[in-house]
Structure formats: C-alpha cells, structure tokens
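What follows draws every value from the coordinates through simple rules; no lab data is involved. Predicted, not measured: the structure shown is a model, and the values here were computed from it. Every residue, glycine as well, gets a Cβ built from its backbone with ideal geometry; the counts of neighbours run over all protein chains shown.
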Amino acid sequence: MQSTPAARTLDVEDLTVRYGAALAVDGVTLAIEPGEVVALLGPSGCGKTTLLRVIAGFVRQASGRVRVDGATIDHLPANQRNIGIVFQNYALFPHMTVAENVAYGLRARGVRSSEVQARISRFLDIVQLAGFRERLPRQLSGGQQQRVALARALAVEPSILLLDEPFAALDRNLRLDMQIEVKRLQRTLGLTTILVTHDQDEAMSVADRIAVMNKGKVEQFDTPVAIYDRPQTLFVNGFIGTTNLMNGKVAALHDGTATVVLDAGASFSLSAPAKISVGASVLISVRPEQLALSSVPGPGAWKIQPGLSLPLGAQLVHEARTVDGASLKIVEPRRASPADTARVYCTLAADARPTLFPRST
Amino acid sequence: MIKPAEWQLALPLALAFASIFLAPLLMLVGVSFFNDDKISQPGLAQWAKFLGDPFSYKVIADTLLLGVKTVCATIVVGYPLALVYLDAPPRLQKVMIFVIVMPLLLSVVVRTFAWIVVLGREGVINQLLISLGIISEPLRLLQTELGLVISLTQIEMPLMLLPLISVMSRLDPNLRDASAALGASRWRTLFTVIVPLSMPGLVAGCLLVFASSTTAFISQTVIGGVRLIYLPLLIWQQSLVVFNWPFAAVVSITLLISVLTVVSALSWLGRRSGGYVHG
Ligand SMILES: Nc1ncnc2c1ncn2[C@@H]1O[C@H](COP(=O)(O)OP(=O)(O)OP(=O)(O)O)[C@@H](O)[C@H]1O
Ligand SMILES: [Mg+2]
C-alpha cells in the first residue's frame with residue numbers, strides 16, 4: 001500500500017535574502033543529498049526561518065537559486081512546490097477538526113474522497129492520534145497539535161519536508177519521543193528533510209549533517225562529529241558544546257604542524273590552519289573532556305589553581321584557573337576513589353584534538 | 001472603613017442610565033397606547049391604524065431592505081479593501097487607516113451634502129460617464145434608492161472596515177502560508193481559511209452597518225428625498241409635522257423592534273462563529 005517516493009536532492013545555491021536594507025540570508029549554499037536530514041543550527045535571528053521560507057516559496061530571494069532534483073523551483077508559487085512544512089507555532093486551522101486539517105491538502109489537490117478518508121486514517125495512525133479525529137486544535141495539547149501538523153504536512157506526500165523548530169514547545173520526554181518518531185517517519189518515507197533548531201543536542205542526535213548559521217551565513221556544513229571535533233571557525237567552536245579557550249603564541253611551524261607556547265606555561269604541537277605565521281597570537285580551543293589533571297610537572301603540563309569539583313551524572317566537572325587568568329573546565333569520569341588534592345597541573349588527554357584559531361586583536 | 005460591594009459602586013451609573021435611556025423608552029411605549037394626539041384617551045387605536053394599513057408593511061420592508069442592500073454593498077467593497085489592507089506594507093497601512101477613519105471625523109450632514117454634489121444631474125458621476133461616452137443623458141441618482149445605497153455605502157464603510165480589519169489582523173499569517181504549502185490556490189485559501197476565520201469581524205460589521213443605515217434619517221431624507229419613505233422619515237413627519245405623537249411612538253417602537261430582531265439574529269450568528277479566533 002505504501003509507495004515510497006524516490007527521495008529528492010535539494011540544492012540551495014548562493015542564496016541571498018533582504019528585508020529592506022537588512023540582509024537576512026547572505027550567500028548560503030547547501031547541497032543536500034536524497035533522504036538526508038540536515039539541521040540548521042544557529043542563534044536567534046540568524047536567518048534559519050527565512051531560509052526555510054524561501055525554500056517553501058513564501059519569500060522571494062534577492063539572488064540565488066533553489067533546486068529540487070536539479071530543476072530550479074524559484075518560479076513556482078508555494079502551492080505548486082509540493083514541499084511540506086511544519087511551522088514553529090504549528091499553524092493548524094483553528095476552525096477545522098483534526099481530520100479536516102489532515103484532509104486539507106488532499107482536498108486542495110482533488111484527491112478522491114475515499115482515498116482522503118484512507119489517508120486520514122493512515123497518517124493519524126502513524127502519529128498515534130487515531131482517537132482524536134473530531135477534536136478541534138484548541139482541544140489538544142501542544143505535543144498533539146504538533147503531531148497533527150506533522151500528519152497534515154506528510155499526508156500530501158511532499159517531496160521535501162521542512163521543520164521549523166517543531167520540538168521547541170514540548171517537554172523533554174515528549175521531545176525525545178517526537179525526535180525519534182520524526183526520524184523514523186523520515187526514514188520510512190525517504191524524505192529529504194531540513195530541521196531548524198537552536199538546540200544543539202537535537203541537531204546532533206537527529207541530523208545526518210548540520211549547517212551552523214551565524215548572521216545569515218553558513219559557517220560550517222558538516223557531520224555532527226566533524227562539527228564537534230573540527231570546528232572551522234571560532235563561532236562554531238563556541239556555539240557547539242562547551243569548550244576552553246586559552247591564549248598562546250606560535251613558536252615554530254613545520255610541515256603544517258605548529259608548536260604553540262601557552263601563555264599559561266606549557267607548549268605542545270598541533271596541526272595548524274593555513275593562514276598562520278610564526279609569532280602570531282592564537283587561541284587554542286580544547287573540549288573539557290580532552291583535558292586531564294596531573295600531579296607531575298612537565299613540558300606539556302601547565303600549572304593551575306584548582307577550584308570546585310561538581311559531579312554531573314557519570315562525570316566529574318572540575319573548575320580551574322590558569323596562571324594567566326583563563327578559567328578552565330575539565331571533565332573526568334567519576335572514579336571510585338576520590339581525587340587527591342595534589343593535582344595542580346593540567347595536561348592534554350591522550351586523544352586530545354585541540355584546535356587553533358588566529359586571534360583577531 | 002467598610003468597602004462597598006461592587007454593585008454598589010456601579011449604582012450611580014446604573015441610575016443615570018436608567019433615567020436617560022430606560023425612562024424615555026418606557027414613556028415612548030406608554031405614549032403609543034393613547035388614541036388621540038392630545039394623549040388623553042388610552043387605547044389601541046394608533047396600533048390598529050398602523051398595523052391595519054398595508055402601506056406600513058411596505059415602509060417596514062423598504063427600511064429593512066435598505067439596510068440589507070447597504071450591508072451587501074459594504075461587504076462587496078469593504079472585504080476586498082480589508083484584504084488589501086492586510087497585505088499592505090506597514091506605512092501604507094497607516095495611510096489606509098487614516099483614510100478609513102477620516103469620514104467618522106466629519107459630520108454626517110457634511111458627508112451627505114457632499115454626496116449631493118457627486119450624485120446630482122451635473123454631478124461628478126454623470127459628467128464622468130457622459131464624457132466617457134457611456135451614457136448620453138444624465139442618470140437620475142438623487143432621490144433614488146440606488147443613489148442612497150451608493151452614498152450610505154461610503155458613509156457606513158468605516159463601521160464595516162474597522163471590525164473586519166481588527167479581526168483579520170489578529171489572524172496568524174502562517175495560516176495562509178500553511179494553506180499554500182498544502183497546495184491550495186489563493187481562492188481556496190480565501191474561502192476555506194480567511195473568510196470563516198474573519199466571520200466574527202464580518203458579522204460585527206454587518207450589525208453596525210445595518211443598524212446605522214436603517215436609522216440614518218439625514219442621509220435617507222436628504223439624498224432619498226420625500227418620495228422614498230422609510231421608518232425614520234415617517235417618525236419625523238408624525239412627530240414634528242403632524243404632531244401625532246402616539247402614532248410616531250408606534251412607528252418608533254416598530255423600527256426599534258424590527259432592527260433589533262435582525263441585529264440579534266446577526267449577533268447570534270456571530271457568537272456561533274466567534275469561538276474559532278481566540279481558540
Ligand atoms: N518579515 C520580516 N521583515 C523584516 N525583517 C525580518 C522579517 N522576518 C525576519 N526578519 C529579520 O531577518 C532576520 C532573520 O530572521 P529569521 O526569522 O530567519 O531568524 P531565525 O534564525 O529563524 O530566528 P529564531 O531562532 O529566533 O526563529 C532577523 O534579523 C529578523 O529580524
Ligand atoms: Mg525562526
């Protein structure tokens with residue numbers, strides 16, 4: 001009964017959107033694979049919703065193109081694009097029942113009424129709202145409304161699915177359920193999907209790739225692991241996860257490997273970005289779990305002043321301060337025996353991948 | 001200090017309303033049950049005279065029909081205007097609101113006389129139509145119901161537009177986008193989403209326009225003339241020309257009841273559709 005339509009590619013090419021004089025989206029390019037889930041992640045006002053609205057056809061771009069399966073769709077009005085969208089506030093039709101909401105797109109397309117009934121049942125089953133057909137949206141909880149919005153968007157079998165912060169209004173447990181649910185639906189229907197969020201955990205867990213946006217630009221478009229481990233810009237580095245930033249100077253450069261002396265006292269080698277020269281001031285970013293405490297001094301260890309230690313789930317978070325005044329967070333697995341107090345040196349953990357950024361003064 | 005109960009606080013106002021509105025109304029009802037214009041012999045003669053005359057029913061029907069025609073015309077012109085307002089950029093919206101509200105700042109008398117200039121034999125409309133070669137003889141617009149409906153449409157337009165715009169601009173703009181994304185054309189979106197959701201505003205507008213146009217004595221007489229007879233003109237003739245106050249009271253009560261009937265039917269409809277908007 002279920003015919004999975006072939007998944008589509010979605011290409012956004014050099015897209016720019018202006019509201020008056022203000023740039024909301026600034027030269028964004030994304031090549032999205034068939035059946036892929038891409039998360040748009042970024043702070044409020046960075047242009048995520050605007051980008052979705054251009055793809056859906058509600059807003060015209062100043063320049064650039066949107067292609068589905070290689071063909072541009074820029075000339076098509078929103079009602080001919082066959083792109084499903086779930087709005088941040090769901091935008092259910094308040095005067096229609098759940099069933100009428102789900103049927104809306106089918107009726108607009110002139111689907112036979114027996115087929116309409118079949119699809120209402122099927123998609124309400126999928127989102128587990130079969131018993132709610134005759135309710136009005138205002139008689140539903142936020143999570144139920146969100147599932148109706150999803151069923152309504154999916155019922156017309158769109159070629160692309162756009163989700164604008166669909167889980168923002170849900171509590172933690174329900175959010176996790178819905179994330180899994182959406183991922184499962186998207187898999188079975190083979191839908192190329194863009195998910196807008198400013199929750200990085202959500203982006204990490206649901207998306208195949210993440211586009212981190214800032215001020216209308218895409219700063220990095222990569223897999224979650226790559227974004228976490230190899231942030232390309234200082235913004236991405238600070239936005240994803242927690243990180244420690246320390247000041248330092250490049251002491252030597254050799255075959256793309258830089259030897260860096262920390263202002264806090266230690267020195268070590270790490271892979272250098274392209275545009276860096278000897279003597280340059282740099283910032284070194286290390287994740288909290290890539291630092292370790294030690295009681296022995298050495299060339300790769302720098303002195304710290306230990307602060308509070310807080311248990312956080314299965315982990316222990318130590319606060320510390322370097323001699324040049326930077327504050328550090330260090331995460332260790334919680335051990336059976338309590339840590340001794342003599343550990344006043346900090347080192348890089350064995351698998352640490354610190355990242356180097358030029359410091360703009 | 002003892003705090004007065006809430007109803008006690010409202011008492012002065014209630015008394016003022018009672019003396020200003022309720023007392024005259026009761027007096028009006030009382031006056032209608034006298035047989036002679038000296039108001040000396042109680043009886044049902046005036047009611048019998050009014051209700052026994054087929055002419056009375058024609059005037060009632062004409063009055064209500066005038067209201068219906070004006071309401072229809074304000075919807076036909078006003079609804080698209082409200083849609084244009086909704087899509088206009090904010091700066092244009094400010095200008096539009098000013099233009100919409102401005103007629104309310106002018107006296108009805110001034111507006112009505114302006115329509116005489118527009119509708120007359122040598123008026124703007126006739127001159128335009130003749131110079132365009134659409135007609136050769138001037139149309140007769142003054143002292144016709146057509147002319148009256150045209151001018152009432154303009155005069156009552158703010159009463160239709162203001163409630164309509166206030167309800168429509170509270171609608172979630174995403175609803176239209178959601179409808180389009182689901183494949184609906186603009187017309188389908190209009191009739192299945194926007195019109196049903198703007199019903200409360202539309203009903204409120206109809207209510208105001210109907211009540212106002214059926215009782216618009218100045219416009220009815222100045223533009224309609226004495227040949228078009230509506231209930232307000234009848235009241236005026238009976239009370240201030242013939243001085244038959246009991247009969248005038250009968251006509252007044254008839255006008256009140258017929259307008260109230262239509263208005264309550266409309267507001268019942270409005271309440272039925274009102275739940276959707278804030279839900
Ligand atoms: N209709 C509009 N007119 C003018 N400016 C707008 C309009 N819509 C959005 N903007 C501006 O464009 C920029 C991008 O807005 P957008 O809604 O895309 O942000 P967002 O990334 O979705 O933010 P959030 O996470 O808060 O939803 C913002 O600076 C916003 O003020
Ligand atoms: Mg947004």
message: Within 13 Å, Cβ to Cβ, of residue A:297, how many net charges do the neighbouring residues add up to if Lys/Arg are +1 and Asp/Glu are -1?
response: +2
Förster radius 35 Å - calculated FRET efficiency between residue A:172 and residue A:69 (Cβ-Cβ, nearest 0.05): 0.40
- request: Please compute P(r) over all alpha-carbon pairs of region B:200-246, binned at 10 Å starting from zero, and give each bin as a whole-number percent.
  value: 25, 40, 25, 9, 1
- prompt: For chain B, what does -39500 (n - 2.57) per DSSP helix run (n ≥ 4), summed and divided by total residues, give at 222 nm, in deg cm²/dmol to the nearest 500?
  reply: -23500 deg cm²/dmol
Reachable aspartates and glutamates from residue B:69, criterion Cα separation under 14 angstrom, eight or more residues apart if same chain: B:145, B:156
field: Spin-label model distance (nm) - residue B:110 vs residue B:218, 7 Å beyond Cα toward Cβ
entry: 1.0 nm
statement: Among region A:270-298, those whose backbone N falls under 19 Å of a label point 7 Å along Cα→Cβ from residue A:349 are A:270-271, A:284-296
- line: Kirkwood calc, region B:34-124, C-alpha pairs only, radius in angstrom 17.9 Å
query: With helices defined as uninterrupted DSSP H runs, which ones in chain B have an alpha carbon span along their own long axis of at least 30 Å and mean Kyte-Doolittle hydropathy of at least -0.5?
result: B:54-87, B:145-168, B:245-278
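Could you work out the Kirkwood radius for region B:45-273, taking every pair of different alpha carbons, averaging 1/r and inverting it, reported in Å?
Radius from the Kirkwood sum: 19.7 Å.
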message: If I model the protein assembly as shown as equal point scatterers sitting on the Cα atoms and use the Debye formula, what is log10 I(q)/I(0) at q = 0.05, 0.09 Å⁻¹?
response: -0.43, -0.93
Degrees, to the nearest 10: A:172-189 long Cα axis against longest axis of chain A: 60 degrees
- prompt: How big is region A:71-204 by Rg and Dmax over its Cα atoms, in Å?
  reply: 14.5, 43
message: What percent of all Cα-Cα pairs in chain A falls into each 20 Å bin, going from 0 up to the bin containing the maximum distance?
response: 26, 45, 25, 5
query: Computed over the Cα atoms of region A:237-361, what is the ratio Rg over Rh, Rh following Kirkwood?
result: 0.98
query: Tell me, how many Å apart are the Cα centres for region B:151-180 and for region B:101-144?
result: 27 Å
- request: Obtain the nm distance between the two label points defined at residue A:201 and residue A:130 by a simple spin-label model: each point lies 7 Å from its Cα along the Cα-to-C-beta direction.
  value: 3.3 nm
- prompt: So how much slack lies between residue B:6 and residue B:269, counting 0.36 nm per residue of separation and subtracting their Cα-Cα distance, in nm?
  reply: 91.5 nm
Partners for residue B:49 among lysines (Cα-Cα distance below 16 Å; same-chain residues under 8 apart left out): B:58
statement: Simple spin-label estimate for residue A:253/residue B:19, 7 Å along Cα→Cβ, in nm, reads 9.5 nm
query: If we count every other residue with Cβ under 15 angstrom of residue A:192's Cβ, Lys/Arg +1 and Asp/Glu -1, where does the sum land?
result: 0
statement: In whole angstrom, the spacing between the Cα centers of region A:110-171 and region B:1-70 equals 55 Å
